[in-house]
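The values are calculated or read from the model by the stated rules, or taken from the named source; none is laboratory data. In this text the structure is predicted, and so the values were computed from the model without any measurement. Positions of Cβ are generated from backbone atoms using ideal geometry, with glycine treated the same way; all protein chains shown enter the neighbour counts. Areas reflect the complete protein model, heavy atoms only, side chains present, ligands, DNA and RNA absent. Shrake-Rupley method; radii C 1.70, N 1.55, O 1.52, S 1.80 Å.
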Amino acid sequence: MLEDVITAYNEAVFDTDRERALKVIHDAVDRGVSPEDVVFKVVIPAIEQMIKSISESFDANLAQHFMTSQIAAEVTEEMLARFRKAPEVVGHIVIGTAQGDLHSLGKRIVIGCLKSLMIDVTDLGVNVPPEKFVDEAVARNAQVIGISAMMVHTARGENGCIMVRELLRKRGLEDRIKIIVGGAPYRYDLELYKTVGADASADDGITAGRVIAGLIKEVRR
Amino acid sequence: MPVLRVNQAGVERSISLTPGLSLRETLHRANVHLRSTCGGAGVCGRCRVLITYGRTNAPTARETARISPDDLARGVRLACQVRPEHDIGINTQVRPEHDIGINTQVRPEHDIGINTQVRPEHDIGITVQADVYPSLSGPAGHWRSLADDEYAPVDISPMPDAPPYGAAVDIGSTQIRVSIWDMRSGRRIAGRIGLNPQSYFGADILTRLAAAAESPDNARLIRMAAREAVGEALQDMAQAHGLNLREVGQVVIVGNTAMLALLSGRNHGLLLNPDNWERTIDCSPDDTPALRELWGVAESAIIDIVQPVAGFVGSDLLADIIATKLAEGPDSALLIDFGTNSEIALWDGREILVASTAGGPAFEGGGIGCGMPAEPGAIFRVEQDEASGAFHHETIGGGEPEGICGSGLVDILACLIRSGELRENGKFLHHHAGGRLQIVIGRTDMVLTTQDIDALQRAKAAIAAATTRLMKLAGMHPEKLRRVCVCGAFGRYLDVRNAQFIGLLPGIADDTRVEHGGNSALAGCEALLFASDRAAVLRSVAGKANHYNMSTDTDFEELFIDSLFLRPMRWPM
Ligand code: B12
Ligand code: FES
């Protein structure tokens, strides 16, 4: 039965059909599939499936990314409330858009994916000053700072990632906190993340989940 | 001094090389302007040239990331990454001759063949011969005359007491339009359109603003590029019509905020800070005498840069509103000026709600492999015969197609969705096949990829979301709209039914008037040139206008996502 649920859910997600995806999940729960199985055997593998199809064909578009992440986040949130015991979180990330940048969508997609991958997320909002990224990461014991920037000047600028790196260095936090950046300018120029001093970047929210999980492991080690 | 030999469409030229300069810079100085959207950062991949002989620096990491190993081996390089020190020869046409026209996949009975097969050697998806801006590729002939049907209607009364001539200028991010008038008889003598040479520094306004902020030297180059372009257009008309520019007593200029700030050379840095995006930016030049001298107009000439509304909403939108008389009657009206940064105005009978929305240059052909602006050579209309499935197309100017402009792209999307080939979410039905549409027309071979469609979806979503948001703020149902004005080069050819079908324009009542404004910002500027009290006219429009900032609007985001889908706008949202 789980097989059918997985197939039906994957198809709905690929078709960006939110209503159908939610219906598949609700029917499954009604028929006795456990909330744990829904998250770990249906939702997470679907995200991974998406990663695979993206890396093979560079072919998923914004509508799909968005729907995958929102549906996944929605289902996960709903199921978590019904979990018998709280699941173990992988780690913690604080995320926001760079100072001067109000483009909030990329961040939102990434957050959706992270939530369903059991990564704790603190959303710092948009137009976040570099000091705030660092202060919040410290206050919340986060292993990773995520910075989203959709415009060339906020991605490259002095008050974005470059300054966050500088602050981490000054405060001796570089071993404890990693930086990941994302957004159109970084997809455009694959080397840019290094130029601005980030540890990693990811082209889409789904890949971001995997890369961030990797960064968290690195810090925890 | 080492020499660069350029073969451009079969014509050879020699240019001396200044060591240290990139090939792109060298070519630019010699008036060979390669396409670019990244301003020479090595990331857009559009400045490809073919090195035919000579040694240069090895390909950079940016080049290996963007050029296939086969093409690299063939000598294809990014001009912005090559810094030649020795004699070198290049060809601006990257595709080998024999690639043109030979295609085993042409389906003769169809004008456009749909092929979802990946063809590795066509991965670039750039139109043949379209690598160089045709209208910018030589010192002469930058400027094309505006055809009679390209002017939007304008109401003016002659000014018998004015100095003999006046000029109206609309500085767009992509194109500049200039017209010259006989003020005393109220007759338009000539008009010109040409590409904004600032494109060299980047296709969108932000890349240009950021480039200007980099150094005072850059800011000067960017400022002078636009100033000189206007001067050339004036010169060109003066020569063609035997005018003495010294008799030009007035120049009125409209444009978006970024263009005006860059032109005046003042305050453009402010636009990089969102704190200023709801304010009005002062774009008046403080060196008017220098402008008069550069343009050769009367020493006493009035040079009036019409000030922008607020934020990025410029005076080009005010000019649109004036030209279309948008807010002069009780009839509710929607105006969209399509561009990289589209501007929208909604008149509800009491207030003009205005917003700008940066969807990117997709509808102007930017960032789309087979795209081009609505200029001669562009396919502007595509229709599919329902019975036979065959496609028909029309090209601006009627010649061999060079690319597809925005309205043609809208038609293609609508056709593909109607036939079921493409789904509402922007995916080809046969997604497993790599998802690319091959378009074969005569000898021209183009591809439309899923990435291209994604860019069009985003551009469409940004415009649709802002339109819907303003309608909601005004509490207006689209069926209540009496008029819809579509402005900009793209609007001129737009098929309204197709635009509604993919959700770019709202569904409106059958008897709603749809007006294709064309170059209405220029027309509004012309009306301002003849206004006896310009400030009063502007005040009456600006006084009714309220700017809504989409960047801080929380509903916008939901609307944007919903609008990514290629389907008619939903109401209520
Ligand atoms: C929607 C949009 C807007 C909306 C934003 C609404 C909102 N709440 O976000 C509005 C209309 C308000 C807007 C305003 C402006 N915009 Co705008 N906008 C866009 C548009 C159409 C889409 C951008 C977007 O949201 N993409 C969606 C994201 C999700 O896509 P993505 O990059 O694929 O995201 C993935 C990855 O990047 C990654 N990712 C993203 N973030 C992160 C973070 C981390 C940590 C990781 C790991 C990964 C990651 O995962 C994502 C999901 O898969 C683009 C043009 C385009 N066609 O793309 C212009 C664009 C980004 N905007 C632009 C501009 C210029 C502006 C304005 C200055 C214009 C103006 N007139 O005011 C303002 C600035 C506002 C501001 N201060 O930020 C330019 C930027 C130009 C440049 N070269 O820098 C663009 C490119 C358009 C253009 N070509 O001119 N814009
Ligand atoms: S790659 Fe964009 S100009 Fe060279």
Taking only the alpha-carbon positions of the stretch A:91-220 as identical scatterers, the Debye log10 I(q)/I(0) at q = 0.17, 0.19, 0.21, 0.22 Å⁻¹ comes out as -0.74, -0.96, -1.22, -1.36
Determine, from the Cβ-Cβ distance of residue B:148 and residue B:424 and an R0 of 35 Å, the FRET efficiency 1/(1 + (r/R0)^6), rounded to the nearest 0.05. 0.30
Tell me the angle of helix A:62-80 to the major Cα principal axis of chain A, expressed in degrees between 0 and 90 and rounded to the nearest ten. 70 degrees
Give the Kirkwood hydrodynamic radius (Å, one decimal) of chain B, defined as one over the mean of 1/r across all pairs of different Cα atoms. 24.6 Å
Local electrostatic count, residue B:174, Cβ distance below 13 Å [Lys/Arg +1, Asp/Glu -1]: -3
Rg and Dmax of the stretch B:469-545 over Cα atoms: what are they, in angstrom? 15.1, 43
Count of Lys pairs (Cα-Cα under 22 Å; at least 8 positions apart or interchain) in the stretch A:91-220: 16
Rounded to 0.05, the calculated FRET efficiency for the beta carbons of residue B:52 and residue A:22 at R₀ = 60 Å is 0.50
Qualifying lysines (Cα of each under 19 Å from Cα of residue B:460; at least 8 residues distant if same chain): B:427, B:472
If each residue of separation counts as 0.36 nm, what is the full-extension length gain between residue B:228 and residue B:544 once their alpha-carbon separation is subtracted? 110.3 nm
Output the 0 to 90 degree angle, nearest 10, between the alpha-carbon long axis of helix A:44-57 and the longest principal axis computed from the alpha carbons of chain A. 70 degrees
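Leaving out ligands, DNA and RNA, what percent of the accessible area of the stretch B:271-356 is carbon and sulfur, probe 1.4 Å?
Numbers: 1290 of 2900 Å².
Percent of accessible area from carbon and sulfur atoms in the stretch B:271-356: 45.
Give, in nm to one decimal, the length gained when the segment between residue B:270 and residue B:299 is fully stretched (0.36 nm per residue of separation minus the Cα-Cα distance). Display every interim value, and only then the final one.
Numbers: separation 29, 0.36 × 29 = 10.44 nm, distance 3.11 nm.
Difference between extended and current length: 7.3 nm.
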Run the simple label-point estimate for residue A:40 and residue A:166 please: 7 Å along Cα→C-beta, distance reported in nm. 4.6 nm
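For chain A, which semi-axes, largest first and in whole Å, follow from the square roots of 5 times the eigenvalues of its Cα gyration tensor? If you can, show how the numbers build up before the last one.
Working: eigenvalues 204, 71, 36 Å².
In descending order the semi-axes read 32, 19, 13 Å.
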Given a Förster distance of 35 Å, the FRET efficiency implied by the Cβ-Cβ spacing of residue B:214 and residue B:532, rounded to the nearest 0.05, works out to 0.25
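Helix check for chain B. Which DSSP H runs span at least 30 Å along their own axis by Cα, with a mean Kyte-Doolittle hydropathy no less than -0.5?
Once both thresholds are applied, what remains is B:216-241, B:450-473.
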May I ask you to find the residues of the stretch A:79-119 that are shielded by at least 40 Å² of accessible area once the whole protein assembly is considered instead of their isolated chain (probe 1.4 Å)? A:102, A:105, A:108
Could you let me know the centre-to-centre spacing of the stretch A:158-185 and the stretch B:533-573, using Cα atoms, in angstrom? 36 Å
Could you give the spread of the C-alpha atoms of the protein assembly as shown along their three principal axes, from largest to smallest, in whole angstroms? 87, 68, 67
Can you compute the modelled spin-label distance between residue B:9 and residue A:173, with each label point 7 Å from Cα toward Cβ, in nm? 5.7 nm
What do you get for the angle between helix A:130-139 and the principal long axis of chain A? Use alpha-carbon atoms, 0 to 90 degrees, nearest ten. 60 degrees
Looking at chain B, what % of its DSSP beta bridges pair antiparallel, to the nearest 5? 65 percent
Log entry, pair B-A: total buried accessible area, probe 1.4 Å, protein chains only, in Å² rounded to 100, is 2500 Å²
Looking only at Cβ-Cβ distances, which cysteines of chain B have no other cysteine closer than 4.7 Å? B:47, B:80, B:283, B:370, B:405, B:415, B:485, B:487, B:525
Could you check the simple spin-label distance between residue A:135 and residue A:190, using points 7 Å along Cα→Cβ, in nm with one decimal? 3.9 nm
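Counting heavy atoms of the protein chains only and a 1.4 Å probe, report the per residue accessible area for the protein assembly as shown as a whole number of Å².
Numbers: 31360 Å² over 794 residues.
Per residue, the protein assembly as shown has 39 Å² of solvent-accessible surface.
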Contact order normalised by residue count of the stretch A:91-220, Cα under 8 Å, 6+ apart, percent: 29 percent
Take B:52, A:207 and sort them by solvent-accessible surface of the protein heavy atoms, 1.4 Å probe, largest at the top. B:52, A:207
Pull up the cross-link candidates among the lysines for residue B:325, meaning alpha carbon to alpha carbon under 16 Å and not fewer than 8 places away within one chain. B:544
Calculate the tail of P(r) for the stretch B:144-317: the fraction of all Cα-Cα distances greater than 20 Å, expressed in %. 51 percent
